[in-house]
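For reference, the structure is listed below as structure tokens.
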Amino acid sequence: MLFEDRYTICFTKFMSSSLNQCFVSFQMDLRLLSIATLLGILCFCSAQQEGSDCIKANAQSCGECIQVAEKCGWCTDTDFLKQGESKSARCDELQSLITKGCTKAKIENPRGSTSINKNKPVTNRKKDMAEKLKADQITQIQPQKITLNLRSGEAQTFKLKFKRAEDYPIDLYYLMDLSFSMKDDLENVKNLGTDLMREMKEVTSDFHIGFGSFVEKTVMPYISTTPARLLNPCTSTNNDTCTSPFSYKNVLKLTEDGEEFNSLVSKQQISGNLDSPEGGFDAIMQVAVCGEAIGWRNVTSLLVFSTDAGFHFAGDGKLGGIVLPNDGKCHLENNMYTMSHYYDYPSIAHLVQKLSDNNIQTIFAVTEEFQPVYKELKNLIPKSAVGTLSSNSSNVIKLIIDSYNSLSSEVILENGKLPEGVSITYKSICKNGWVGTGENGRKCSNISIGDEVSFEIAIKSEKCPPEGNSETITIKPLGFTENVEIVLNFICECECSKDGKPLSEMCHNGNGTFECGACRCNEGRIGRLCECSTDEVRTDDLDANCRKDNGTDICSNNGDCVCGTCECKKRENPEERYSRKFCECDNFNCDRSNNKLCGGHGRCECRVCICDANYTGSACDCSLDTSTCLAANKQICNGRGTCECGVCKCTNPKFQGPTCEICPTCPGVCAEHKDCVQCQAFETGEKKDTCKRDCSYFNLIRVKDRDKLPQPADQSYPLSHCKERDANDCWFYYTYAVRNHTEREVYVVDTLECPAGPDIIPIVAGVVAGIVLIGLALLLIWKLLMIIHDRREFAKFEKEKMNAKWDTGVNPIYKSAVTTVFNPKYEGK
């Protein structure tokens, strides 16, 4: 059975073709059987490593154990622990506990769960239905309430379904900048109520509209505070009458009467201020938080913000001496914002929070000039849109319709603040099967009315809250009023703890509660069986007995001080252990080589490697065998280095290679000895005058021809063959060798090979013949070119001659030389 278990594990984890063949035909070869068994042991060890987190947590109770990780279990068998083992050994990975002898029935391993408390189906509502449902009767998200029981490290996953309901009620509040530059825009908005009502009837039968206006804070330097300008801030040159400046005014509460909207808006007058940015953020904050005054219902809420200028934000109030931050509360009296001179402008983050809390979607209708500014603002405010407003607001209805369609076609989920240690992930399954993960898992786009999308949500807790109390969070689609309530219950204790026996005699005379197979000590008691009292001996004294050399580490940080004695921690690998009085030694923290403890050539004792024979070094990675350093000539490192740990260390830094045989920067043996060989053998060269003084360091042996030179294969020492050239371009051949590390020998061929001199006559004859031939060729070419040129000229002349035309008319000044005279008397007789 042992081999079959190993076979199964290895087959799962090593699905290579070689192993498959190995296991199928394991009877063929005993060696293959051994390899398979070895792989099985490795797999088993790998599985044991997975439980390391459970062991290292040093859990003292079942509750502490199950909070470490979802893979950790607690053995409740009272006879599970072996002698010397601490309570923390009960906490381990499930398979490891079974391997150690704990039965499945004795392992406490609670799991999390998910239950749905409220699951009202989404509403299938049609616009033309006779029965009209109220907003609170419409359901667009399912389920509505869920309870999760969370085990530390174990995620609980559930699915949410969202479906856009048809004919869903809409509230739209139109917030308009009434500074002087918006004068022409006001004229086009005066009929907005009825026109927008007519268009929105195509979307919903339940539509409410409201109107508000804003200008600026009523303090310097935002407006002029002179009495005349406070009454009429418009310049006198335009002969315009403007209303007094104000911060924000709620003109019309949300209503379904479009005619009332037109009537009240028609009565509005523009105002004026000094600086270009407007105080729109003050107005947006009041619209968001003054729900009762505005008339917001629990339906789709749209805020249309119309302006042709930028905006002030938090910090700008200091220009007017206003330093108190905006409190985010409603301050409307008689529909006028009365605290603009007291509170600063809100920050963008503050606006985002309030708009989200009140499910308000914002549409910024701004002119082309300020599009870039508000597009950047849109990126900071979820569920908002930006539309380009024409210079006189003539396209405002189309802008609102388009922006509403854009906003309502996207659903983005948002969750409330999560308890500490709790995380949440989203996965969206959108239209046409598109799947989003990460941040894209929160949203789906291009959703039409009646479309249904779903989200898979996973919630995981990494630890229990301090008191273990339940927490409640909400998940809602941005811009919608509905949400999902999620109750989080945390599994912080095991079921077996309910059956615990307080003051049990099994815990040293009732000094603890016996639960889940172990003692949970009362306060002031410690030890495996609560046998030690912290009151009997001062804690400092107890700890002092567990400190080595009066140090600061208790049991070298590798164990627990129990009643003044170190109880060393147990490792998940039974072969690894701490030892000695203060747990200061171990057999697994020695140096490693090739990822093996002590290089696989020794044993680890108290963090020091005890090497096998023929090995040395801190990790036993230094072999004393010199066979790997032998060069081809049977010398160690070619006589140019020493053999250390089986590797040549060249003494001359110029040499390198496995046996110091390579010298990339050396000029070469041949070039080094060329001059000395030349002067001794032929009495020529640069050193012929100092030959005896400089070149007597080798023995010169002459040979008749190159075949007599010694060959490298015949020698047991380094030998170099050389071919060099002297000043007369003659070649000479020799060999250089070092025998017995000291004796240098040079064999040289005593005959020079000189090249024959050139034959002058053929060279001169060739040069002369070449010059003559080149001259004749040039003459022939010139003659040929002249013939071609003459023929072309003659042909041109003939062509012009043939094309010549001579005039045959009579010359008007020509008179003939002949004169004819007739005799009048002549009668022809």
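The values are calculated or read from the model by the stated rules, or taken from the named source; none is laboratory data. In this text the structure is predicted, and so the values were computed from the model without any measurement. Glycine also receives a Cβ, built like all others from the backbone with ideal geometry; neighbour counts cover every protein chain displayed. Keep in mind that these areas ignore ligands, DNA and RNA; they rest on the heavy atoms of the full protein, side chains included. Shrake-Rupley method; radii C 1.70, N 1.55, O 1.52, S 1.80 Å.
Miscellaneous remarks
- Here the accessible area is traced with a 1.4 Å probe on the protein chains. For the range 171-305, carbon and sulfur cover 48 percent of it.
- Rounded Å value of the spacing that divides the Cα centres of the range 211-231 and the range 696-740: 108
- Centroid-to-centroid separation of the range 478-527 and the range 360-401 [C-alpha atoms, Å]: 56
- One decimal place: the segment residue 743-residue 628 gains 38.8 nm when fully extended, by the rule 0.36 nm per residue minus the C-alpha distance.
- Two-site FRET efficiency, residue 607 against residue 523, from Cβ-Cβ distance with R₀ of 51 Å, rounded to 0.05: 0.85
- Restriction of the GluC sites (Glu not before Pro) in the range 569-669 to DSSP coil positions whose beta-carbon has at most 10 other beta-carbons within 10 angstrom yields 575.
- Residues in the range 322-363 reached by a label modelled at residue 275 [backbone nitrogen below 12 Å; 7 Å Cα→Cβ]: 322, 345
- Radius of gyration over Kirkwood radius for the range 669-749, both on Cα atoms: the Rg/Rh ratio is 0.95.
- Averaged per residue, the chain has 56 square angstrom of accessible surface, using a 1.4 angstrom probe with ligands and nucleic acids left out.
- Summing charges over all other residues whose Cβ lies under 10 Å from the Cβ of residue 684, with Lys and Arg as +1 and Asp and Glu as -1, gives -2.
- Around residue 253: net Lys/Arg minus Asp/Glu count, Cβ-Cβ under 13 Å: -3
- Point-to-point label distance, residue 771-residue 161, nm (Cα→Cβ direction, 7 Å offset): 10.9
- Checking the cross-link pairs 354/375; 163/463; 383/460; 201/375 against a 24 Å limit on the alpha carbon distance flags 163/463; 383/460; 201/375 as lying beyond it.
- Using the Cβ of residue 675 as centre and a radius below 13 Å, the other residues enclosed give a net charge of -2, where K and R count +1 and D and E count -1.
- Cα centroid separation, the range 624-689 to the range 54-126 (Å): 69
- Simple spin-label estimate for residue 752 and residue 78 in nanometres, 7 Å along Cα-Cβ: 11.0
- Whichever lysines have a C-alpha closer than 25 Å to that of residue 82, once near sequence neighbours (fewer than 8 apart) are set aside: 56, 71, 100, 104, 106, 501, 569, 570, 581
- FRET efficiency for residue 188 and residue 409, using Cβ-Cβ distance with R0 set to 30 Å, rounded to 0.05: 0.65
- Distance between modelled label sites at residue 506 and residue 375, nm, 7 Å Cα→Cβ extension: 7.2
- Quick note on the chain: its Rg to Rh ratio, both from C-alpha atoms and Rh being the Kirkwood radius, is 1.29.
- Computed lengthening from residue 817 to residue 576, 0.36 nm per intervening residue step minus Cα-Cα distance: 71.6 nm
- Theoretical gain in end-to-end length, residue 472 to residue 318 [0.36 nm per residue, Cα-Cα removed]: 51.4 nm
- Counting only aspartates and glutamates at least 8 places from residue 687 when in the same chain, those with an alpha carbon closer than 20 Å to its own are 672, 675, 724, 726, 729, 745, 750.
- The chain: DSSP helices with Cα axial extent of at least 27 Å and average Kyte-Doolittle hydropathy no lower than 0.5: 30-49, 760-802
- Proximal aspartates and glutamates to residue 249, defined as alpha-carbon separation beneath 16 angstrom and excluding residues fewer than eight positions away on the same chain: 177, 216, 278, 282, 292, 333
- Pairwise FRET efficiency - residue 226 versus residue 390, Cβ, R0 = 35 Å, nearest 0.05: 0.50
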